[in-house]
1. Between Asp185 and Arg55, what FRET efficiency follows from the Cβ-Cβ distance if R0 is 56 Å, with the result rounded to 0.05?
2. Could you name the aspartates and glutamates whose alpha carbon sits less than 14 Å from that of Lys50, not counting residues in the same chain fewer than 8 places away?
3. Specify the angular offset, from 0 to 90 degrees and rounded to the nearest 10, of the alpha carbon long axis of helix 118-140 from the longest principal axis of the alpha carbons in the chain.
4. Compute the angle between helix 158-169 and the longest alpha-carbon principal axis of the chain, please, reported from 0 to 90 degrees and rounded to the nearest 10.
5. Calculated from DSSP H runs of 4 or more alone, at -39500 (n - 2.57) each and per residue, what is the 222 nm mean residue ellipticity of the chain, nearest 500?
6. Between Asp200 and Asp114, what is the label-point separation in nm under the 7 Å Cα-to-beta-carbon projection?
7. Mind checking the full-extension length gain between Leu208 and Asp10? Use 0.36 nm per residue of separation minus the Cα-Cα distance, one decimal, nm.
8. Kirkwood hydrodynamic radius, computed over distinct alpha-carbon pairs, for the chain: how many Å, to one decimal?
Amino acid sequence: MKAIVIEKNDDQQTTTLQDTNDELLSAGDTLIDVEFSGLNYKDALAICHKPGVIRKWPMIPGIDFAGTVKSSDNSAFKPGDKVLLNGFGVGEVHTGGLAQQARVKSDWLVPLPDGISAQQAMAIGTAGYTAMLCVLALEEQGVMPTSGDILVTGAAGGVGSVAIALLAKLGYSVTAVSGRQELQDYLHELGAKTILPRSDFEGKVKPLDKARFAGVVDVAGSTVLANAIAQTEYGGVVTACGLAAGMDLPTSVAPFILRGVKLIGIDSVMAPMSKRIEAWQRLAQDLDLSLLKEMTHIIGMSDVEETAQQLLAGQVRGRTVVDVNRD
Ligand code: NDP
């Protein structure tokens with residue numbers, strides 16, 4: 001089988017596309033013929049040897065994949081079943097999706113929802129599933145389309161693109177924040193009503209700024225998130241899922257104690273199975289799948305490394321899907 005393999009020798013890491021065999025695969029009760037894997041921000045960090053993602057070498061990266069069960073010791077899964085997987089340490093401490101086969105625990109598998117193909121599932125990928133988790137959190141906290149505008153940061157990236165498409169289809173008015181003003185047409189096509197430059201959110205953070213958003217989906221963290229919190233309306237809800245701008249959060253307690261703003265953390269990796277199934281069912285129901293084509297590009301295995309570098313440089317629009325059976 002073909003696999004992208006990251007190896008480490010004397011603190012020096014290498015990423016190569018190899019012809020290898022299933023001995024490299026981590027232990028698990030189910031073997032999957034992988035069809036597509038997503039290229040996520042976290043995968044790009046791993047492939048470009050940034051610290052903090054891979055904790056075991058050699059490693060096959062790829063935090064998500066969709067494919068077909070080849071064999072399983074769990075009677076709930078039979079050969080031919082279509083499945084997908086997000087997270088659970090796959091592509092970090094357990095060999096991942098950037099290979100033609102994956103061996104995983106059946107407890108981690110989500111049946112492919114009706115109406116979504118393996119390719120579409122990875123066009124949505126961990127980024128889209130995380131966007132859905134953010135939308136579910138806004139709903140659970142009572143933010144409705146009538147509540148007011150929703151801010152989406154990192155708008156032209158994977159999480160941002162799917163969040164905009166979902167929120168717009170659900171009837172929310174979406175304000176997109178992007179560092180790439182040349183992508184305005186794309187963001188409007190996804191459903192963004194207003195587009196603001198990222199620089200508006202990179203300045204000095206006031207404890208409280210003009211309140212104008214009922215909800216936020218933030219992928220940036222750092223000053224961008226702090227400014228978004230300062231501009232959230234009384235009782236508004238901020239969902240934080242990413243760190244594209246940085247890990248820090250230079251805010252104060254003012255928005256929380258004076259405006260009752262709620263900050264909700266979103267984790268996709270260890271989310272319970274019931275939440276995953278709910279999120280994927282809602283994606284099948286609420287995402288306009290025709291928009292996926294516009295927001296996705298498909299690459300072969302030999303393009304992975306270069307695309308990962310572009311992704312970290314903020315040059316990739318929307319979602320990248322890897323056809324693991326294409327060179
Ligand atoms: P992408 O690389 O596809 O998108 C990130 C976007 O953030 C870019 O397209 C860009 O959008 C914006 N951006 C880039 N650099 C900066 C910067 N310095 N400051 C502010 N914005 C910036 O990544 P994903 O959408 O896949 O992931 C986004 C974040 O969410 C990542 O940090 C990722 O690790 C995290 N994540 C977390 C998950 C979880 O479980 N919590 C799951 C999935 C992702 P634009 O050009 O429009 O400004």
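Where a number appears in this text, it was derived from the coordinates with a stated rule and is not lab data. Every value quoted in this text rests on a predicted model; they were computed, and no experiment measured them. Because the Cβ atoms are built from the backbone with ideal geometry, glycine has one as well, and the counts that use them run over all protein chains shown.
1. Step by step, r from the Cβ atoms, then E = 0.85.
2. Here the aspartates and glutamates satisfying the reach criterion relative to Lys50 are Glu7, Asp11, Glu92, Glu305.
3. 40 degrees
4. 60 degrees
5. Calculated mean residue ellipticity at 222 nm is -8500 deg cm²/dmol.
6. Result for the modelled spin labels: 4.2 nm.
7. Using 0.36 nm per residue and subtracting the Cα-Cα distance, I get 66.4 nm.
8. Taking every pair of different Cα atoms in the chain, averaging 1/r and inverting gives 19.9 Å.
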